Structure formats: structure tokens, C-alpha cells
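Undergrad: Before I ask anything, let me first share the structure, which is written out below as C-alpha cells.
The values are calculated or read from the model by the stated rules, or taken from the named source; none is laboratory data. Model, not experiment: these values are computed from the prediction. For neighbour counting, all protein chains shown are included, and Cβ atoms are generated from backbone atoms with ideal geometry for every residue, glycine included.
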Amino acid sequence: MGILVDRNTRVLVQGITGREGSFHTKLMLEYGTKIVAGVTPGKGGQEVHGIPVYDTVREAVEHAGPIDASVVFVPSRFARDAVLEAIDNGIKVVVVITEGISVHDEIVMVNHAKHNGTIMIGPNTPGILTAGEAKLGIMPARVFKKGYIGIISRSGTLTYEIARELGMKGFGVSTVVGMGGDPIIGMNYIELYDHFVRDPETKALIIIGEIGGDAEERFAKYYVETGREKPVVAYIAGRTAPPGKRMGHAGAIISMGLGDYKSKRETLEKAGIPVADKPSDVPRLLNEILS
């Protein structure tokens, strides 16, 4: 089970002949992901790890049959066109791994996805993984044990660390989604939470946030308004970050009192969402809310 992708999801890799695309295609195939085609303009007719390569998404759809999802490894200056091409050819889940995309291009991509009813994850995301079923992206599959905890995260590295802590304490995951670390992203906590609420296999969620912006605060408000349908535990990175400093991710900046650690933690806890002091505390808090 899980959300958005499973073992039957038919996947396209855009940028499959590049170094990153080729490398991660092999790992996705080894995990069991059903990759049916790849696209790199000018490289049509080739194969990568046995996967046929086409010049355009339209050709891939015509020759490989229905395609449910695309994972994008295209360089930043071409990423917008790649994403728009996937959306325009009816692909309903687009996972954008590419980092360094301009804000203008991100706005165009996100608006086009929403207008066409496409679920866009990212950009600048490690991807999505449904444990034991499929992974689209660059997550290290070995750290994710199958189970019933959903994870929505703004940080790749912390996702892996917390998943490892969960596994050591007997927990597993249903689906893990990297939202992406940029200010403009396709799916937010609220939209992804709604998908998890509808998944009968997911019993609780972890949201992994970081300083900057108000995404966690908006989620806390929504969580209360919708009746706290599934229990949630949070971890927020950046507790010791100095105000006004840009901290790694483009989205992690505190300005005019918005998005600091204290305000995020207080808002989440007021909504009934316990916040872990450190990643190793997450399994203990999960035990408490599930008991």
C-alpha cells in the first residue's frame, strides 16, 4: 500500500542517459520499480540497463504504453521544459530530482501541474519511496523497513537518519516523500497528509521540517481544523541556527520573525503534534501517541 506509487506504477525516466539518470535507474530497477521507458532528446533508439530510450515523452507514451509517473534527472536549464512535456502528455505524477532550477521556472512548473491535475513532487527532492514496492529518485533503499508510518520531509539526510532510527526500534514505513528543499514546490505537507489519511495502511505520520517559511505552521492549523485524523510526530531542523542566515536549503531562511524554530515548535505542539528534540527521540514519541 502507501501513497502515489507502488509496484504496478509504470515509470518513465527523463534524462536516463546522463550520469545520474543512468546510475539511479539501475538502483530503482533493482528495488523493483517498473521502469518502462527513458527519454533523452537525440538519444532515441538506445537502451539503458535494458530500458528503451526515446527522443520525446510523446514517443515514449506511444511505444511503451501507459505511463503513470516520471522521474526527472534533467539538468536545471532544461528541467522546466522536461516537466511541462511530461504534464502535457498526461503523466499524473512527476518527481523532479533536479536542483538549482530558477524560481521563475519553478513557478511555471508548479502552476502548470496544478492546472492539469498533475501531482508534482519537488523540485530538489530525493524523491518518493513506497517500502518494498517502488522508489522514484535517489533515496538509499536499504534504510527503509516496510511498515505503517508515513514520512513527509523537507530534508533528505534527516529522512534517512530518522528512518534508520525507526527501523532500529521496530517501526517501518509505508511511503516516504521528500517534498523538496526549495521555496517553490509542487506538493506541501497538507496535500500529502490528505493522501496519507486516505491510505488504510498508514497508521501515523512523521513530518520532518526545518526553519524558514511557514509550511509547518500552516499544516498545524489544517491538522486541527480537520480533526487530527491520524497521529503525527514532528522533527524540526535548525534549532541552533542564527536568525537572518540562509541555512543550506533555499527555503530555510528566517526573516521578519517568520519561520524560526521556536514559533514552529510552539505552533505544532499547540496543535497536539509532539516535536522531537533529536532524531533518536522520534520512535519514543511514536510509541507514546500510538499507545
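Undergrad: Please enumerate the residues belonging to segment 124-168 that are under 14 Å from the mean Cα position of the chain (by Cα) and of a type in the set (Lys, Arg).
TA: Within segment 124-168, Lys135, Arg154 meet the criteria.
Undergrad: Here are some conditions: (1) crowded, with 19+ Cβ neighbours inside 10 Å; (2) farther than 23 Å from Thr118 by Cβ. Gly156 meets all but one. Which one does it not meet?
TA: For Gly156, the failing item is (2).
Undergrad: Among the residues of segment 66-90, which ones are outside any helix (DSSP H, G or I) and either under 16 Å from Met187 (Cα atoms) or out of contact with any Leu (no Cβ under 7 Å at 6 or more places or on another chain) (or both)?
TA: In the first step, residues of segment 66-90 are kept if they are outside any helix (DSSP H, G or I); the result is 66-75, 89-90.
Within segment 66-90, Pro66, Asp68, Ala69, Ser70, Val71, Val72, Phe73, Val74, Pro75, Asn89, Gly90 qualify.
Undergrad: Could you give every pair whose Cβ atoms fall below 9 Å, whose first residue belongs to segment 252-277 and is more than 20 Å from Ile162 (Cβ to Cβ), and whose second residue is modelled with pLDDT under 85 and in a strand (DSSP E or B), counting only separations of at least 6 or pairs across chains?
TA: Once the first residue is more than 20 Å from Ile162 (Cβ to Cβ) and sits in segment 252-277, its partners that are modelled with pLDDT under 85 and in a strand (DSSP E or B) give Ile253/Arg246; Gly259/Ile253.
Undergrad: Could I ask something else about it? Grab the strands (runs of 3 or more DSSP E) fully contained in segment 123-222, keeping just those with 1 or more residues being modelled with pLDDT under 95 and either out of contact with any Lys or Arg (no Cβ under 6 Å at 6 or more places or on another chain) or on the phi > 0 side of the Ramachandran plot (or both). Don't jump to the end; show me each part of the working.
TA: Values: elements: 127-130, 134-137, 146-153, 173-178, 204-210.
Correct list: empty, since no element meets the threshold.
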